[in-house]
Amino acid sequence: MPQSTLRLLRAGAPPAIPPRVADEDRDGELLARLARSDIAALDLLLARYWTLVVNYLVRLRSTPDAAEDIAQRTFCQLWDRRAEWRATGSVRALLCRIARNFAISERRRNGARERSAGIFAAETPLNPTPAEVLDGAQLRLALERAITCLPERRREVFVLRCVHDLSYKEIADVLDIAPQTVANQLSAALATLRVSLGNALA
């Protein structure tokens, strides 16, 4: 891993680059440059996707500190295995898949599933009044709580689609399932959330 990039990782979130600069290079071109050990390509990918990866991991019930740690490992693996990645396809999906695999391994090693299960629910009143729920902040917390209560696969599909805006095909690649399964899981997740929020607002 290049020392300049290691410093970015150790410092936490790398400095964001202006969208007009980020858009100059397509993801496939960045992967091709990465395969040639182009450090600048890695720095661009860090600036473009660091926050997305960290937020994705938090939504998978990692703590913020654990999410940053796993994000660092994700980008380290992206660099270490740079010769293996195809210059086609979605970098977002690739990074999410790497991060998800690390998160699953971490969860299996230290039982993080149980310890982090209430990361959003802990901040939400157990029995919010209708007035509290109608408040914008309370409504967001109610939504986060409802998302947390979704079955794991439905939650992952919902987060990848509705939070990170991945396509059905990209989600299918991340989770190694069929696009139709993605559609079914998303439909079920949305139906569950409608019921949950409807009950909260009743």
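The values are calculated or read from the model by the stated rules, or taken from the named source; none is laboratory data. What you are looking at is a predicted structure, and each value in this text was computed from that prediction instead of being measured. For neighbour counting, all protein chains shown are included, and Cβ atoms are generated from backbone atoms with ideal geometry for every residue, glycine included.
Listed values, structure above:
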{"quantity": "In the range 155-166, residue modelled with the highest pLDDT [restricted to those that are assigned to a helix (DSSP H, G or I) and surrounded by fewer than 21 Cβ atoms within 10 Å (Cβ to Cβ)]", "calculated": "ARG155"}
{"quantity": "Search result, residues across the range 43-95 that are buried (at least 16 other Cβ atoms within 10 Å of the Cβ) and at positive phi", "calculated": "ARG61"}
{"quantity": "One residue from LEU95, LEU139 being assigned to a helix (DSSP H, G or I), aliphatic (A, V, I, L, M), at pLDDT below 80 and farther than 18 Å from SER187 by Cα", "calculated": "LEU139"}
